[in-house]
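Shown next, in C-alpha cells, is the structure this report addresses.
The values are calculated or read from the model by the stated rules, or taken from the named source; none is laboratory data. Since we're looking at a predicted model, the values are computed, not measured. No Cβ is skipped: glycine too gets one built from the backbone with ideal geometry, and neighbour counts run over all protein chains shown. Quick note on the areas: whole protein, heavy atoms, side chains included, nothing else; ligands and nucleic acids left out. Shrake-Rupley method; radii C 1.70, N 1.55, O 1.52, S 1.80 Å.
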Amino acid sequence: MLSEQELVRRENLQKVIELGINPYPSEEFVVSHSSKLIKNNYTEESSDEFSEVIVAGRLMMKRIMGKASFAELQDSSGRIQLYISRDDICTGDDKTMYNTVFKKLLDIGDFIGIKGFVFTTKTGELTIHAKELVLLSKSLKPLPIVKTDAEGKVHDAVTDPEFRYRQRYADLVVNPSVKEAFVKRTKMYNSIRDFLNTKGYLEVETPILQPLYGGAAARPFKTHHNTLDMTLYMRIANELYLKRLIVGGFDGVYEFSKDFRNEGMSRFHNPEFTQIELYVAYKDYEWMMNLVEEMIEKVALDVTGSTIVKVGDNDINFQRPWKRYTMYEAIEEFTGVDISQMDEDNLRNAAKKMEVPLDPTMARGKIIDEIFGEKCEPFLIQPTFITDYPVEMSPLAKKHRTEEGLVERFEAICNGKEISNAFSELNDPIDQRERFEAQLDLGKRGDDEAMVLDEDFLRALEYGMPPTAGVGIGMDRLAMIMTNSNSIQDVLFFPQMKPETTSIKPEKE
RNA sequence: GUUCUGUUAGUACAAUGGUUAGUGCACCUGACUUUUUCUCAGGAAAUAAGAGUUCAAUUCUCUUACAGGAUACCA
C-alpha cells in the first residue's frame with residue numbers, strides 16, 4: 001500500500017521519463033569537490049579556484065522563490081547550499097528544466113549533480129551558484145525530515161529505535177552522528193590491527209562453521225551441511241582453532257572473529273558479535289595484562305584523541321597502569337567476606353547471606369562467578385584487571401603457578417562490564433582432558449553451557465603447544481565505550497531484530 | 001523471561017465520554033530572482049485490532065498485536 005507521498009513520487013518519476021530524462025543514468029559523474037572541501041577552503045581571495053566546481057549528493061531541501069531558488073545538497077561529507085536561478089540553468093527559451101523538473105519533479109532525497117561556482121550570499125552563507133543541474137537518481141520513498149532551527153533546536157528528530165535499526169540506511173542519511181560512531185568503530189579496528197601487526201603478529205582466519213563448538217561457555221547455533229549430511233555449529237569463540245595454529249608453529253596469531261551465541265538479546269547482547277582473540281607463544285597472563293593495557297590505551301587515543309573517555313556520567317581513564325585485584329581480593333573488597341578457603345556448602349551459605357541468587361546446578365566456581373558478577377563487577381567503572389579465577393570456571397586456563405585451586409586468568413572490567421578475558425593457556429594435554437571431562441559432568445548436572453570434549457583439539461595439544469598467553473576482547477563492548485553508546489545496537493549497523501510484521505491497515509478506497 | 005509504559009495523518013506532538021479531533025514540518029495547487037525552519041493564499045490526510053461498560057467510547061475497562069524502557073543469563 002503506497003502512501004499519498006509515494007504515489008506523487010512515482011508520478012514525478014513517470015513525468016521525468018516522459019520528458020526524455022533518464023532518472024537512473026549509468027554514466028560516471030565526475031565530482032570535483034566535496035561540500036566539506038569547499039567549506040573548509042573557500043575564501044574571497046581563493047574564489048578563483050572555486051569558479052567551477054562539480055558536486056553531487058542528495059537534494060535535502062528546496063526553498064523556491066519564483067524564478068530562483070535555494071536548495072541544500074548533502075554529500076558524504078556534509079551539506080552545502082545551492083542557488084539555482086531559472087535563467088542560469090536554462091540558458092535558452094526552454095525553461096522546462098527549472099519550471100518543471102527542478103520545481104515540480106525533483107523530490108527531497110533525489111541524487112543530483114551540480115556544476116557551478118562558489119559565492120557567498122548577502123546573508124553570508126557559502127553557496128554554489130548552479131550553472132547546470134543533472135538528475136542522478138530518483139528517490140521514491142520520502143525520507144524523514146529533520147530540521148534544525150536558528151536556535152539550533154532540532155525538530156522532528158528521528159529517534160525511534162525501531163526505525164533507526166531496521167532502516168539504518170535512512171538513519172544514516174538523516175542522523176549524521178550515527179556515521180561518526182561507525183567511523184570510530186572502524187578506527188578502533190584499525191588501531192588494534194596496526195598495534196598487533198607492528199608487534200609482528202599474524203592476522204588469520206579460522207572456520208565459522210565447526211563440527212564441534214568450543215572455547216567458551218555458551219549455547220550455539222546449530223546448522224546442517226547437506227552434502228556431508230552432518231551437523232555443524234556456528235562458532236561461539238575461535239580459541240581452540242587459534243591454539244591449533246600456535247601448535248603449528250606461529251608465534252603470534254590473532255583474528256577478528258564473528259561469534260554466534262544462541263542466547264538472550266539485550267542492549268549488551270546481539271546473537272552475532274565480534275571478538276578479537278590473540279595468542280602469543282612463550283608468554284604468560286602477566287605479560288598479556290601489560291599488552292592489553294598498552295593496546296587499549298592506544299585505542300582510546302586513536303579513536304577519541306584522549307586516554308580519558310566519557311561514557312555516560314563517567315570519565316573513564318585508560319592511562320596505564322590499571323588497577324589489579326585477584327578475584328578473592330575483589331570479593332573481599334566489595335563484600336567484606338573472605339571466601340578463599342570456603343568449600344561449596346559454605347560458599348552457598350555465604351552467597352545466600354549476600355542475597356546472590358543461585359540455582360542447584362551451580363558448582364563452586366560458578367557460585368564465585370555469581371558473587372563476583374553481582375557484588376563487584378557492576379561497581380568497577382575504571383579499567384581494572386581481575387586475576388586468578390577458580391579452576392572450575394576456566395577449563396582452558398593453566399593452573400596457577402603457586403595458588404591451589406586457581407588458574408592464571410584475568411578479565412579486564414570497565415564501566416561495570418567485562419571487556420576482555422585472558423589466560424596463560426592450558427597446554428598440558430592430560431590436564432586438558434580432565435578439565436573437559438569435568439565439563440561433561442557439569443553438562444550432566446544440567447549446565448547447558450558446559451563445554452564439549454574436543455578430541456581433535458586434544459590431539460593437537462598432545463603434539464605439544466608452547467607456553468602461550470591468550471586474550472579475547474569484546475569489540476562491540478569496547479566500541480560502546482569508545483563511542484559512548486548506551487546499547488550494542490548503536491555500534492552495529494544492522495542489529496538483529498524480530499521479523500517485521502506487515503501492519504494490518506484498512507484498505508483505503 | 002519478568003515488569004512498567006506506550007500505540008492519534010507521511011512524521012513529531014496536542015486534545016476530548018457527545019456537534020467539525022488541533023498544531024508544526026513533510027505533501028498537493030498558486031504567487032515570489034540572494035533566501036535560510038523563506039514568506040503569503042488555499043487544499044488533502046489520522047484515533048493499532050477485537051470485546052465490554054454506556055443513550056453515546058478516540059477517551060473508561062479487558063484481551064490481543066506491536067514497540068520502547070528497566071531488570072535477569074550469556075561477550
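Structure summary
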{"read-out": "Meets criteria (near RNA strand B (Cβ under 9 Å from one of its atoms) and among the charged types (D, E, K, R)) for A:R477", "value": "yes"}
{"read-out": "When residues of the range A:195-223 are limited to those that are aromatic (F, W, Y) and assigned to a loop (DSSP other than H, G, I, E, B), the one modelled with the highest pLDDT", "value": "A:Y201"}
{"read-out": "Verdict on A:M465 being more than 10 Å from RNA strand B (Cβ to nearest atom) and either touching an Asp or Glu at 6+ places or on another chain (Cβ under 8 Å) or over 21 Å from A:E255 (Cα atoms) (or both)", "value": "yes"}
{"read-out": "Given (1) away from RNA strand B (no atom under 13 Å from the Cβ); (2) closer than 30 Å to A:L172 by Cβ; (3) open to solvent by less than 30 Å² (accessible area, probe 1.4 Å), number of the condition A:S46 does not satisfy", "value": "(2)"}
{"read-out": "Among (1) under 41 Å from the mean Cα position of the chain (by Cα); (2) over 24 Å from A:F182 (Cα atoms) - the single one A:S76 does not satisfy", "value": "(2)"}
{"read-out": "One residue from A:V471, A:V491 being closer than 25 Å to A:P321 by Cβ and surrounded by 22 or more Cβ atoms within 10 Å (Cβ to Cβ)", "value": "A:V471"}
{"read-out": "Subset of the range A:269-299 [in contact with a strand residue (DSSP E or B) (Cβ under 9 Å, 6 or more places away or on another chain), open to solvent by 50 Å² or more (accessible area, probe 1.4 Å) and within 16 Å of RNA strand B (Cβ to nearest atom)]", "value": "A:E272"}
{"read-out": "A:T227 being surrounded by fewer than 20 Cβ atoms within 10 Å (Cβ to Cβ) and either outside any strand (DSSP E or B) or within 14 Å of RNA strand B (Cβ to nearest atom) (or both)", "value": "yes"}
{"read-out": "Output for the range A:353-394, where each listed residue is in a loop (DSSP other than H, G, I, E, B), open to solvent by less than 30 Å² (accessible area, probe 1.4 Å) and of a type in the set (S, T, Y)", "value": "A:S394"}
{"read-out": "Selection from the range A:111-148 of residues that are within 10 Å of RNA strand B (Cβ to nearest atom) and farther than 21 Å from A:S34 by Cα", "value": "A:K122, A:T123, A:K141, A:P142, A:L143, A:P144, A:I145, A:V146, A:K147, A:T148"}
{"read-out": "A:A422 vs. criteria under 25 Å from the mean Cα position of the chain (by Cα), under 19 Å from A:M288 (Cβ atoms) and either of a type outside the set (S, T, Y) or within 11 Å of RNA strand B (Cβ to nearest atom) (or both)", "value": "yes"}
{"read-out": "Criterion: open to solvent by 20 Å² or more (accessible area, probe 1.4 Å), among the β-branched types (V, I, T) and closer than 29 Å to A:Y328 by Cα - qualifying residue of A:I481, A:I430", "value": "A:I430"}
{"read-out": "Enumeration of residues in the range A:240-264 that are open to solvent by 50 Å² or more (accessible area, probe 1.4 Å) and within 15 Å of RNA strand B (Cβ to nearest atom)", "value": "A:K258, A:R261, A:N262, A:E263, A:G264"}
{"read-out": "Flag for A:K222 being surrounded by fewer than 18 Cβ atoms within 10 Å (Cβ to Cβ), more than 21 Å from A:F260 (Cα to Cα) and not polar (S, T, N, Q)", "value": "no"}
{"read-out": "Subset tally (residues that are of a type in the set (V, I, T) and touching an Asp or Glu at 6+ places or on another chain (Cβ under 7 Å)) for the range A:48-79", "value": "1"}
